[in-house]
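One structure below.
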Amino acid sequence: MGCVQCKCWLRFRRCCCRDQPSSTGSAGGASREGDPGHRRHLLSGIPLGSAAVPSHHLLLQYSYLSQRGHYPDSPDRENQDTLSIKTQLQSNKNLHLFAVFDGHGDFGAQCAAFARDRLFHHLAGDPQLLEDPIKSFNSAFLAANSELHDSEIDDTTSGTTAIAVLVGGDTLFVANVGDSRAVAGVWNGERVEAEDLSNDQTPFRKDEYERVRRCGATVLSVDQVEGIKDPAIQSWGVESFWDPPRLWVPNETGSGLAMTRSVGDLKVESLGAIAVPEVMTVKITPNHLFFVVASDGVFEFLSSQDVVDMV
C-alpha cells in the first residue's frame, strides 16, 4: 500500500476494421504484436498493446506501469502491487479484462499475486460470464477469497484490494473490492471530465462504516487507538488523510485495516471485511475517451480529475 503504484491506462478508438491484432500482457511484460506503431509508455518504455472490439468497431490501446514507491526508512521495501491484462478472454474477441491488485500486510505481495491468478482462472472458466457478468464476478471474488484462506499463504492479517474492468462489447463491467479505483475520461463538449467507475470502500463511506460497525468492528484511527485523540469521535475529515479510520478487532491493537472490503484479511472477515465486490455497469459512449485502473498509490495523492487531466 502507501505510495506504491500500479496502474493500467487504456484509450478507446473508433475503427472500421473488424479484426485488429491483439496482444496479451501481464505485470511481467507485453508483446509487441499488435502494438500500434510500436509506440511506448512514456515512463516504463513498455510498448503499447492493442485489443479490438470488432462487434462495436472499437480499438483499445493500453499500457501499464507497476512501480515501487519511495520509502526513505525502507529503501528495499517490496512492491506489493500487481496487475493483470487478459485480452480475448474465453477466446472471445470482444471480451477483455484489466485488473489491479494492491497487497498489504506481511504477505501482501503473495496475496495480491494469488488473487490475480485465481480471479482470472474463475472468470476464464465461467460459462455464465457473458450471460451474467455481475454474478460471475461475485462468484469469482468469493472463490478466490476462500481459496486464499485455504492456501499456504498466511492471510490472517494480510490481504489485497482487487479491481477488475471487463470490457464486453460496448459495456464496461467494473468489480471492486477495497480502495483501488477505476476512472474514465469523458468528453463533455468543452473538456475531459472524470467519471468514477468505482467507489472506494473505506470507513470514510457512511454506508460502509455502518455496515462494519453492525458486524462488530471497532473503527478508530491509529491516534485514537493510542489515546492521542478522543476515540468517541466517530467522524473523520480531510485532516485524517495521513491517519485514516481503520477496522480493528475489539480490544486488540495489533493491526487495523484501512478498507472495509478486501480479499484475505481473515482476522477481520467476521467483522465486515468481506470480499463481496461492488459491480458497476457502464455503457461506452462516443464521449468515453479512456479509462485508468490504479491502486491507491495513485489515488491516495491525486484526485480522479487530477489523473484524468494528466492523461
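The values are calculated or read from the model by the stated rules, or taken from the named source; none is laboratory data. The structure presented is a predicted model; accordingly, all values stated were derived computationally and were not measured. Ideal geometry is used to build each Cβ from the backbone, glycine not excepted, and the neighbour counts take in all protein chains shown.
Structural remarks
- Checking the stated criteria, residue 222 turns out not to satisfy the condition of being crowded, with 17+ Cβ neighbours inside 10 Å, touching a helix residue (DSSP H, G or I) at 6+ places or on another chain (Cβ under 9 Å) and not basic (Lys, Arg).
- If you go through the stretch 71-86 and keep only what is surrounded by fewer than 23 Cβ atoms within 10 Å (Cβ to Cβ) and in a loop (DSSP other than H, G, I, E, B), you end up with 71, 72, 73, 74, 75, 76, 77, 78, 79.
- Members of the stretch 107-129 found to be out of contact with any strand residue (DSSP E or B) (no Cβ under 9 Å at 6 or more places or on another chain) and either part of a loop (DSSP other than H, G, I, E, B) or of a type in the set (S, T, N, Q) (or both), listed by number: 125, 126, 127, 128
- Screening residue 91 with (1) within 23 Å of the chain's Cα centre (by Cα); (2) exposed (fewer than 15 other Cβ atoms within 10 Å of the Cβ); (3) modelled with pLDDT of 90 or more gives one miss only, at (1).
- Residues that are assigned to a strand (DSSP E or B) and closer than 24 Å to residue 249 by Cα within the stretch 177-224 comprise 177, 218, 219, 220, listed in sequence order.
- Criterion (assigned by TED's automatic domain parsing to the domain that holds residue 163, crowded, with 17+ Cβ neighbours inside 10 Å and either in contact (Cβ under 8 Å) with a residue 24 or more places away in the chain or within 22 Å of residue 143 (Cβ to Cβ) (or both)) met by exactly one of 186, 249: 186
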